[in-house]
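For reference, the structure discussed in these notes is given below.
Rule-based calculations on the coordinates, nothing more; no lab input. Computed from a predicted structure; not experimentally measured. For neighbour counting, all protein chains shown are included, and Cβ atoms are generated from backbone atoms with ideal geometry for every residue, glycine included.
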Amino acid sequence: MRISRGRSYCSGVLIAADLAPRDHGVTDLVLTCAHFFRDSPEGKIGGAHFHARIADLAVVKGTDLAVVRLTRPCTPRTLPGLARARIPLLARTTTQAFGGSRYRARTRRGRALWSFPLAVSRDCTVVRAPVFLYNSPPAVNGDSGGPVLVHGRIAAVQSMILTVAGHHTGVATVAQTAPHRDSLAAAVAELDARR
């Protein structure tokens, strides 16, 4: 899913309320990055033959994850579900996001290089339990919030890109879902309670 506000946009992925995989599931929930909503909780959601607005937002504190509730449900083909385990070292990853193309998601293949307890960006985006990926082609602006899949499950969302002296290294920082699964379930429950 593409999330936009004005000229800015990020990516996201539809999820089920119980965070489990579903075939032909109906949902109004999108998992994405929190940093896109730093200035405003508003935005539009777009996908193939689907458009909605953001009805509500719950941010997972201390990391770059958020769950958005849409103004209307979307019926996707498949909801991939969240991974239950952390991303293993050297795992093959697939990121699906709208960076570099406002209208079509692109696939970026990668490998998990290393993890740290914490990563912080120049604009103070904090990611707890991040994993650093090498992607080809590299992640770019607009990929933030896009799902990072390992074995068909959402293991993380794209958060930051690593630049050194203005040079893009091809390394991306992702916010893992498994260490924050309980917080994500609480975010979904919070959105449901405010319905």
Here region 65-71 yields Karplus 3J(HN,Hα) values (6.51, -1.76, 1.60; θ = phi - 60°; whole Hz; Gly and Pro given as x) of 10, 8, 10, 10, 9, 8, 6
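Hey, what number do you get for the chain at 222 nm if only DSSP H runs of n ≥ 4 count, each worth -39500 (n - 2.57), divided across all residues, to the nearest 500? Provide the component values of the computation, followed by the final result.
Working: 1 runs with 13 residues, N = 195.
Result for the chain, helices only: -2000 deg cm²/dmol.
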The rounded separation in angstrom of the Cα centers of region 153-195 and region 47-92 is 9 Å
log10 I(q)/I(0) for region 92-178, Debye formula on C-alpha points only (no solvent), q = 0.14, 0.15, 0.16, 0.17 Å⁻¹, two decimals, reads -0.41, -0.47, -0.54, -0.61
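Efficiency by 1/(1 + (r/R0)^6): what FRET value for ARG53 and THR78, r their Cβ-Cβ distance, R0 = 30 Å, to the nearest 0.05? Can you show the working numbers first?
Numbers: r = 24 Å, r/R0 = 0.79.
Taking R0 as 30 Å, the efficiency between ARG53 and THR78 is 0.80.
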Ranked output for segments 81-87, 30-36 by mean other Cβ atoms within 10 Å, highest leading, reads 30-36, 81-87
If unit charges are put on Cβ atoms (+1 for Lys and Arg, -1 for Asp and Glu) and the dipole of the chain is taken about its Cα centre, the option from ALA17, ALA129, VAL150 lying farthest towards the positive end turns out to be VAL150
extent check for the chain: Cα max minus min per principal axis, descending, whole Å, gives 44, 35, 29
